[in-house]
Amino acid sequence: MGCTSCATGANGQPKGCKNNGTCGTDGCNKLTVFDWLSNMSLPANMEPFKGVEVRFKNGRKHFYHNNENLSLSMGDVVATEAAPGHDVGVVTLTGELVRVQMKKKNERTNLDALPKIYRKASQKDIDKWKSCRDKEPSVQKQSREIAIRLGLKMKISDVEYQGDGSKAIFYYTAEERVDFRQLIKEFARTFNIRIEMKQVGFRQEAARLGGIGSCGRELCCSTWLTDFRSVTTSAARYQQLSLNPLKLAGQCGKLKCCLNYELDTYLEALKEFPKTDVKLQTEKGPAICQKIDIFKGLMWFSYVKEGMNWLELSVENVNKIIALNKKGTKVASLEEYVVEVQKSKKELFSNVVGQDSLTRFDKPKPKKRKKRRNNRNKNRKRNKQRNQKKNA
């Protein structure tokens, strides 16, 4: 629960910076929200909103009613209402921003319909909660063994115990429908708790487990992304990316969500470009498009008979040629419209030290003893020469 700079105390709260998880590094909690209204006071006749957002394991969040008027802040561990018993979670948001989050997620702001917060978690609640969390890896391993023994085509990706240890949620993924009635009986007999099975998608599984993407950063779905929009291969085509499934797929095995981030910008830029299947009619023969550069606004064409000779044209010139072709006139040649590229003579890189040499480590380093001996011999020769000059 604590980040690497502050760790976690015995009560489940970060003990280094003593900010109860509001240090701003986003390391203490997962999918945290910055409370930008915390330093602002409410109007005189307005009562504070009693809704509270509580986070549980792996980013699972729910809204609760603070009917006891407890003084809660971000990072506090609380005992909440559950069916049956109670659950233990961490407060991630309080005040008016909870109302905004509820409207964003299309939930009614009627506090009476929300479950309640019983109290701030005592040390006994936290100890019980931690002991249940420690049992989850072993329970997950046993549950997978039982599922394999029963021959079920499913993968149990995670296990989440309730705070009081009376119930456990088993998250699983499966490509087909699974009949787990016998599985639930085996789980109840083995673990002696209430069992709840919850199927999640492959994207939700990656969001719960987390990981590092090909960009070197943490997965977007496990840090800040909450809504999963559908991603199609057309997004990669519009961005001129190679349709390689190994490069386009993320940790979940589906297309990366980041393919949609810049898609709108590409679509706006492509409005000025003509279709790539349009042929330019010239007196030398028809020319077809070979490549486009969206950022520079350039297109490369080649004659049908000369496929290896590419000519660089700007989008404006290509649109002019297409307009002339629609009127029934052919252009003499594409060479008249070629963009003249001025090559900069400025040297971008110079190998001064020889760091790009692959054989720079092959030469053995000279030993220090030989250097010392050579230095001694040089000093002796210098001293002899000085003495000879003095005697002369």
Quiz item: In Å², what does the accessible area per residue of segment 195-345 work out to with a 1.4 Å probe?
Solution: 67 Å²
Quiz prompt | Local net charge near Trp129, Cβ-Cβ under 12 Å (Lys/Arg +1, Asp/Glu -1) | solution = -1
Self-check item: Note, ³J(HN,Hα) from phi for segment 37-47, Karplus 6.51, -1.76, 1.60, rounded to Hz, x at Gly and Pro
Solution: 9, 5, 8, 10, 8, 7, x, 5, 9, 10, 8
Self-check item: Binned Cα-Cα distances of segment 236-349, short to long, each 10 Å bin given as a whole percent
Solution: 12, 35, 27, 20, 6, 0
Quiz item: Where the accessible area of segment 66-136 is counted over protein heavy atoms with a 1.4 Å probe, how much of it, in %, is carbon and sulfur?
Solution: 46 percent
Quiz item: For segment 277-344, what does the alpha-carbon gyration tensor say about shape, rounded, prolate or oblate, given a ≥ b ≥ c as the root eigenvalues, a/c under 1.5 as rounded, and a/b over b/c as prolate?
Solution: prolate
Quiz prompt | Integer Hz, Karplus 6.51/-1.76/1.60 couplings in order for segment 268-275, x for Gly and Pro | solution = 5, 5, 6, 5, 7, 7, x, 5
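How much accessible area per residue does segment 79-168 have, counting only protein heavy atoms and a probe of 1.4 Å, in square angstrom?
53 Å²
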Quiz item: Can you list the residues, at least 5 places off or on another chain, whose amide H is less than 5 Å from the amide H of Lys291, using H built in the peptide plane?
Solution: Trp300
Practice problem: Using amide H atoms built 1.01 Å from N in the peptide plane, name the residues 5+ places from Ala82, or on other chains, whose amide H lies under 5 Å from its own. | Solution: Asp87
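The values are calculated or read from the model by the stated rules, or taken from the named source; none is laboratory data. In this text the structure is predicted, and so the values were computed from the model without any measurement. Here Cβ is always computed from backbone atoms with ideal geometry, including for glycine, and neighbour counts include all displayed protein chains. To get the accessible areas, we keep the full protein, side chains included, count just its heavy atoms, and leave off ligands, DNA and RNA. Shrake-Rupley method; radii C 1.70, N 1.55, O 1.52, S 1.80 Å.
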